[in-house]
Amino acid sequence: MSPLEDLLLQFYASVADREKGVAFIDQNPTYFQELFALACAPDQQRTNIVAAWVLEKYTLEKLALLSHLFPEFLTGVAQQKHESKRRPMIKLLYHYCKDKKRRESIDHTQRDQIVTLCFDYMLEAEKAAALAFSMKTLHFFRNHEDWIEGELLAYIEQRLPNSSTGFQSVVRQIS
């Protein structure tokens with residue numbers, strides 16, 4: 001087991017532990033690739049889950065790190081099935097795509113991947129945060145293909161009558 005994996009196994013969901021993980025990567029940048037691989041892997045082991053949390057915390061302030069890893073990152077986001085890994089991964093994708101220049105640099109195939117994974121997350125999400133970030137990310141690409149905005153609106157119309165206040169808030173944000 002690597003020093004990074006040993007460290008991750010000592011962590012819990014706390015912000016303080018995530019910050020310790022960030023400090024470790026800051027002090028040992030060569031471990032970023034391993035952290036990225038652990039977070040993007042479809043594995044649902046505790047190490048992988050904590051790696052996703054640390055990756056989120058570390059990368060949110062350094063989103064440019066994802067640029068050269070973007071194809072691998074999209075694959076990683078798409079293959080997540082554990083809710084505790086989905087939220088940090090889709091949150092990173094949302095924040096990456098929030099920047100107009102980065103969004104415009106995403107090629108057609110990657111846009112297709114993003115649309116697919118956002119709809120997958122929306123249909124499969126058990127928790128509100130993953131659903132919210134999926135909808136907000138998808139909203140950036142609503143004009144990528146003619147059918148996307150219509151499907152997003154149909155999804156919202158179907159869910160709205162029995163929705164939570166959190167869901168309603170996201171709908172207001174993207175409307």
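The values are calculated or read from the model by the stated rules, or taken from the named source; none is laboratory data. Values in this document were obtained by computation on a predicted structure and should not be read as measured data. Because the Cβ atoms are built from the backbone with ideal geometry, glycine has one as well, and the counts that use them run over all protein chains shown.
Note on region 141-169: residues that are touching a Phe, Trp or Tyr at 6+ places or on another chain (Cβ under 9 Å) and crowded, with 19+ Cβ neighbours inside 10 Å total 1.
Filtering region 105-124 to residues that are at pLDDT below 95 and either under 19 Å from V54 (Cβ atoms) or charged (D, E, K, R) (or both) leaves only E124.
Listed by first and then second residue, the pairs linking a residue in region 135-159 that is closer than 21 Å to R86 by Cβ to a residue that is assigned to a loop (DSSP other than H, G, I, E, B) and modelled with pLDDT of 95 or more, with Cβ atoms under 9 Å apart and 6 or more places separating them unless they lie on different chains, are F141/I106; I148/F141; I148/R142; L152/R142.
Of note, N143 satisfies the criterion of being more than 30 Å from L35 (Cα to Cα) and in contact with an Asp or Glu (Cβ under 9 Å, 6 or more places away or on another chain).
Of all residues in region 64-71, at least one satisfies being in a helix (DSSP H, G or I), touching a Ser or Thr at 6+ places or on another chain (Cβ under 8 Å), aliphatic (A, V, I, L, M) and surrounded by fewer than 19 Cβ atoms within 10 Å (Cβ to Cβ). For region 91-134, taking the residues that are part of a loop (DSSP other than H, G, I, E, B) and touching a residue at least 24 places away in the same chain (Cβ under 8 Å), the one that is surrounded by the fewest Cβ atoms within 10 Å (Cβ to Cβ) is identified as E126.
Every residue, every condition in (1) in contact with a helix residue (DSSP H, G or I) (Cβ under 8 Å, 6 or more places away or on another chain); (2) charged (D, E, K, R), yes or no:
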{"position": "V54", "(1), (2)": "yes, no"}
{"position": "K98", "(1), (2)": "yes, yes"}
{"position": "D107", "(1), (2)": "no, yes"}
{"position": "D112", "(1), (2)": "no, yes"}
{"position": "L117", "(1), (2)": "yes, no"}
{"position": "I148", "(1), (2)": "yes, no"}
{"position": "Y155", "(1), (2)": "yes, no"}
{"position": "N162", "(1), (2)": "no, no"}
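Just one of the listed residues (L69, L7, L65) is over 17 Å from T137 (Cα atoms), in contact with a Phe, Trp or Tyr (Cβ under 8 Å, 6 or more places away or on another chain), of a type in the set (A, V, I, L, M, F, W, C) and without any contact (Cβ under 8 Å) to a residue 24 or more places away in the chain, and it is L7.
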